[in-house]
1. Please sort by residue number the GluC sites (Glu not before Pro) in region 1-93 whose DSSP state is loop and whose Cβ has at most 12 other Cβ atoms within 10 Å.
2. Under the definition of Cα pairs under 8 Å and six or more residues apart, what whole-number percent is the relative contact order of the chain?
3. Using a simple spin-label model with points 7 Å from Cα along the Cα→Cβ vector, what separation in nm is obtained for HIS76 and LYS97?
4. For q values of 0.13, 0.14, 0.17 Å⁻¹, compute log₁₀ I(q)/I(0) with the Debye formula on a Cα-only model of the chain, without solvent.
5. How far is helix 40-106 tilted off the main Cα axis of the chain, in degrees rounded to 10, range 0 to 90?
6. Name the residue from THR100, PRO17, ALA64 whose Cα lies farthest towards the positive end of the charge dipole of the chain, charges +1 on Cβ of Lys and Arg and -1 on Cβ of Asp and Glu.
7. If each of GLU52 and SER27 carries a label point 7 Å out from its Cα toward its Cβ, how far apart are those two points in nm?
8. Among ASN98, ASN23, ASN15, which one shows the highest mean-square fluctuation when the chain is modelled as a Gaussian network with alpha-carbon springs under 10 Å?
Amino acid sequence: MQITEIVVHAGRTVNHPLESYSNLKPSLSLKATLGPDDDVIACLKQLQAQAETLIEEHKHRMIADIVALDGRMKLHADLASSERELQRLQSRIESLKNGTRKLDDKAPF
């Protein structure tokens, strides 16, 4: 029997870095075509090692990207909140200035 192709799979189940009771399940498959002189077992081990390495790298990138996105979302929310507070304070300052002007207009000097 001549084996001409091998396929390997790698996958992980990883806890979501920010949510409880939520998992991430990255997975991948790699396929290789073998030549007549290839050692099937050696090629299988090499391909499986590549799949495991790739899935681990992907898992780490995925978690880092989720954490970074969460940080950006919190930053944008904080910025929006700060802008609303700034507008409120500017309005209050204008209100106080207008009240002071009215008092100045009534001053007897």
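Here, each number is a calculation from the coordinates, and none is a lab measurement. It should be emphasised that the depicted structure is a prediction, and the values quoted were computed from it without experimental measurement. Using ideal geometry, Cβ is built from the backbone for each residue, glycine included, and neighbour counts are taken over all protein chains shown.
1. GLU19
2. On the way: 83 pairs, mean separation 25.7, N = 109.
Computed over the chain, the figure is 24 percent.
3. 3.3
4. -0.74, -0.78, -0.91
5. 0
6. Selected residue: THR100.
7. Distance between the two pseudo-spin positions: 1.9 nm.
8. Highest fluctuation among the options: ASN98.
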